[in-house]
1. Which order do 224, 125 fall in if you start with the one that has the fewest other Cβ atoms within 10 Å?
2. With the Cα gyration tensor of the stretch 2-89 giving a ≥ b ≥ c as the square roots of its eigenvalues, does the rule (a/c under 1.5 for rounded; else a/b larger than b/c for prolate; else oblate) give rounded, prolate or oblate?
3. Largest first, please: the extent of the C-alpha atoms of the chain along each principal axis, to the nearest Å.
4. Give the distance, in whole Å, between the Cα centre of the stretch 63-90 and the Cα centre of the stretch 194-233.
5. If each DSSP helix of 4+ residues adds -39,500 (n - 2.57) and the sum is divided by the residues in the chain, what number results at 222 nm, nearest 500 deg cm²/dmol?
6. So how do 62, 177 line up by other beta-carbon neighbours within 10 Å, fewest first?
7. Counting other beta carbons within 10 Å of each residue's own, what order do 100, 143, 178 fall into, fewest first?
């Protein structure tokens with residue numbers, strides 16, 4: 001597995017188009033790999049865009065080493081060719097009990113079943129409900145949110161704990177609307193993208209490794225599900 005990072009130039013026309021439409025960005029990212037190599041038993045192609053002020057970064061997780069040249073040429077900076085590292089080394093050093101800072105953009109939804117049909121996906125609204133939705137799923141992804149013995153309502157509201165660390169909070173929320181081709185027909189899709197920032201403790205190495213390499217939740221083709229980890233600061 002490989003982890004890549006590219007600094008995007010938001011002043012470029014193609015960059016602005018890709019940032020506005022997840023389908024365009026997905027096509028750009030997918031073309032960094034040869035056809036048929038977007039997934040393997042090791043993992044699948046994932047991507048996420050982080051925007052911190054004027055700093056716009058594209059992260060890619062891929063089962064094979066991607067070619068970043070065309071992305072840099074169309075949407076990046078000539079002075080920054082991008083960076084790709086061997087992600088497997090990091091994955092092999094995961095261990096139960098280790099703590100990390102994390103960042104992930106997810107599409108919080110629940111499935112509402114209707115008799116005689118597939119039902120529909122209902123977006124989770126409101127920070128308190130979205131944080132609760134995340135905490136209910138961390139076990140299946142191999143981690144738990146660091147708690148530092150703070151009261152539950154403090155965690156849900158994303159307030160600072162007594163150690164002056166945020167256990168988990170919502171960094172931003174964005175409703176993305178775009179047209180999608182489905183069996184030759186076009187339909188408009190709206191997704192709610194919520195970016196969570198916080199600290200976690202590893203509880204199951206195999207489950208966490210799978211979450212990091214295969215993605216978390218829905219909307220993976222459209223910039224959701226890639227969680228990045230960093231040493232606790």
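Each value in this text was obtained by applying a stated rule to the coordinates, not by laboratory testing. Note that the structure is predicted; figures quoted are calculated from it, not measured. FYI the Cβ positions are ideal-geometry reconstructions off the backbone, even for glycines, and counts take in every protein chain you see.
1. On the way: 224 26, 125 11.
Fewest-to-most Cβ neighbours within 10 Å comes out as 125, 224.
2. Working: a/c = 1.85, a/b = 1.55, b/c = 1.20.
Cα axes put the stretch 2-89 in the prolate bin.
3. 48, 47, 36
4. 20
5. Numbers: 7 runs with 55 residues, N = 233.
-6500 deg cm²/dmol, from helical runs alone.
6. Details: 62 27, 177 11.
So the ranking, lowest neighbour count to highest, is 177, 62.
7. On the way: 100 19, 143 26, 178 14.
Final ranking by Cβ density, sparse to dense: 178, 100, 143.
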